[in-house]
């Protein structure tokens, strides 16, 4: 909402304080809400022209052309390895799609730069303008597109080496980010591989394709890994602790469907010990303390950290009020506020990552295992079991 407010202010030269944006819940149109589209600018233009409110609603079909789309990508992967399974070379080239009027890029080849230990890595990413609307980062963004190609090639190389694809991945798992020449802040991929393998029954897998049979069904096991930046931006949150036992948290962040309000409520509840039904998280209002757009898988770490800091500050304020009133520092905040004749206390905090993060390479990883059945006569495919292991820090 803050980004939209700023864009409209810049385009129409309107003081930013005169623009109010409300978008409490965007819904599941992932990616489409990451920018202000021409139709939104046109709506404001129309309203200014006729001096009346204007509402624009696009059709379902227009959603696939006017407000972004998933860009196509043509990829070429080349791998080299010694007979013992040590990777000696990785080449990942990709052509991505953009529009003729705006450059759009995404991280299709990024994963190849650091996911596996290899002394010789070469990547190339080229965007090609086509006569379509500009694409947008759809779920998942380019990293997922590139992961499919790279992981498919890793499987093919393991097969060429007659090596278990899981063992091949573990053998080439890096100890540090070779692209940035930095240690990972935290990485537990080998442990995640072990957990997933045990739960999927990887020990039952045969290295020769088609050799595992159950009646007329041929069975196979697969594994792959995905990665995305573990980002943290800057956000502010206001906390209002009331004498009626409730807490109100306010931030101009938005919610595109992942349960932003629920996550923030859980964080606040844990810090302050207040039941979740006594906490209200207000969002999607440009008049509230600033927060970045919901994108890049960074809202929980960014806004959630500000929620944590606000709650810690409120807790400290309550303890100080209690001490000044000859009450125990751990006294219930309702009693402390009433003792001090205060209907509420307010704290606003801005939170952002410290400089220490510059010393580390920070990512979240997802490890996936599947068991698939293919009928030998009909070719019918059945996904029998899926196991996913997230190496993603604290899960809220």
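The values are calculated or read from the model by the stated rules, or taken from the named source; none is laboratory data. The structure displayed is predicted, hence computed values, not measured ones. Here the Cβ is made from the backbone with ideal geometry for all residues, glycine too, and neighbour counts use every protein chain on show.
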Reported set for the range 283-318 where residues are farther than 30 Å from residue 34 by Cβ and either surrounded by fewer than 21 Cβ atoms within 10 Å (Cβ to Cβ) or not assigned by TED's automatic domain parsing to the domain that holds residue 341 (or both) is 312, 313, 315, 316, 317
Taking residue 203, is it outside the structural domain of residue 165 (by TED's automatic domain parsing), within 25 Å of residue 391 (Cα to Cα) and out of contact with any strand residue (DSSP E or B) (no Cβ under 9 Å at 6 or more places or on another chain)? yes
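I'd like the full set of residues that are touching a residue at least 60 places away in the same chain (Cβ under 8 Å) and either closer than 30 Å to residue 198 by Cβ or under 26 Å from the mean Cα position of the chain (by Cα) (or both), limited to the range 119-140. It would help to see each step written out before you state the result.
Within the range 119-140, the first condition is being touching a residue at least 60 places away in the same chain (Cβ under 8 Å), and the residues that meet it are 132-140.
133, 134, 135, 136, 137, 138, 139, 140 - these are the residues of the range 119-140 that are touching a residue at least 60 places away in the same chain (Cβ under 8 Å) and either closer than 30 Å to residue 198 by Cβ or under 26 Å from the mean Cα position of the chain (by Cα) (or both).
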Given (1) part of a loop (DSSP other than H, G, I, E, B); (2) touching a helix residue (DSSP H, G or I) at 6+ places or on another chain (Cβ under 7 Å); (3) modelled with pLDDT of 95 or more, residue 56 misses just (3)
Of (1) over 17 Å from the mean Cα position of the chain (by Cα); (2) over 21 Å from residue 222 (Cα atoms), residue 394 fails just (1)
Checked the range 120-167 for anything in a loop (DSSP other than H, G, I, E, B) and touching a strand residue (DSSP E or B) at 6+ places or on another chain (Cβ under 7 Å); matches are 120, 132, 133, 134, 135, 161
Here the residues within the range 71-112 that are free of Cβ contacts under 8 Å to residues at least 60 places away in the same chain, closer than 21 Å to residue 131 by Cα and in a strand (DSSP E or B) are 74, 94, 95, 96, 97, 98, 99
When restricted to 31, 68, the only residue surrounded by 14 or more Cβ atoms within 10 Å (Cβ to Cβ) and in contact with a helix residue (DSSP H, G or I) (Cβ under 8 Å, 6 or more places away or on another chain) is 68
Per the list (1) more than 30 Å from residue 280 (Cα to Cα); (2) buried (at least 21 other Cβ atoms within 10 Å of the Cβ); (3) in contact with a helix residue (DSSP H, G or I) (Cβ under 9 Å, 6 or more places away or on another chain), residue check on residue 222 breaks on (2)
Inspect the range 217-229 for any residue being part of a loop (DSSP other than H, G, I, E, B) and in contact with a strand residue (DSSP E or B) (Cβ under 8 Å, 6 or more places away or on another chain) and give the result as yes or no.
no
Exactly one of 276, 239 is more than 27 Å from residue 360 (Cα to Cα) and out of contact with any strand residue (DSSP E or B) (no Cβ under 9 Å at 6 or more places or on another chain), and that one is 276
If we ask which residues in the range 340-375 are farther than 17 Å from residue 184 by Cβ, in contact (Cβ under 8 Å) with a residue 24 or more places away in the chain and surrounded by 13 or more Cβ atoms within 10 Å (Cβ to Cβ), their number turns out to be 18
Subset of the range 161-198, residues exposed (fewer than 15 other Cβ atoms within 10 Å of the Cβ), over 24 Å from the mean Cα position of the chain (by Cα) and in contact (Cβ under 8 Å) with a residue 60 or more places away in the chain, comes to 167
If we keep only residues of the range 207-219 that are in contact (Cβ under 8 Å) with a residue 12 or more places away in the chain and more than 26 Å from residue 157 (Cβ to Cβ), then the residue surrounded by the fewest Cβ atoms within 10 Å (Cβ to Cβ) is 214
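Does residue 56 satisfy being more than 29 Å from the chain's Cα centre (by Cα) and under 30 Å from residue 22 (Cβ atoms)?
Values: more than 29 Å from the chain's Cα centre (by Cα): yes; under 30 Å from residue 22 (Cβ atoms): yes.
It is true that residue 56 is more than 29 Å from the chain's Cα centre (by Cα) and under 30 Å from residue 22 (Cβ atoms).
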For the range 319-337 the number of residues that are assigned to a helix (DSSP H, G or I) and surrounded by fewer than 13 Cβ atoms within 10 Å (Cβ to Cβ) is 2
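Just one of 280, 270, 238 is within 30 Å of residue 335 (Cβ to Cβ), free of Cβ contacts under 8 Å to residues at least 12 places away in the same chain and either in a strand (DSSP E or B) or outside the structural domain of residue 114 (by TED's automatic domain parsing) (or both); which is it? Before you say what the answer is, go through the steps one by one.
On the way: 280 fails: free of Cβ contacts under 8 Å to residues at least 12 places away in the same chain; 238 fails: free of Cβ contacts under 8 Å to residues at least 12 places away in the same chain.
On inspection, the qualifying residue turns out to be 270.
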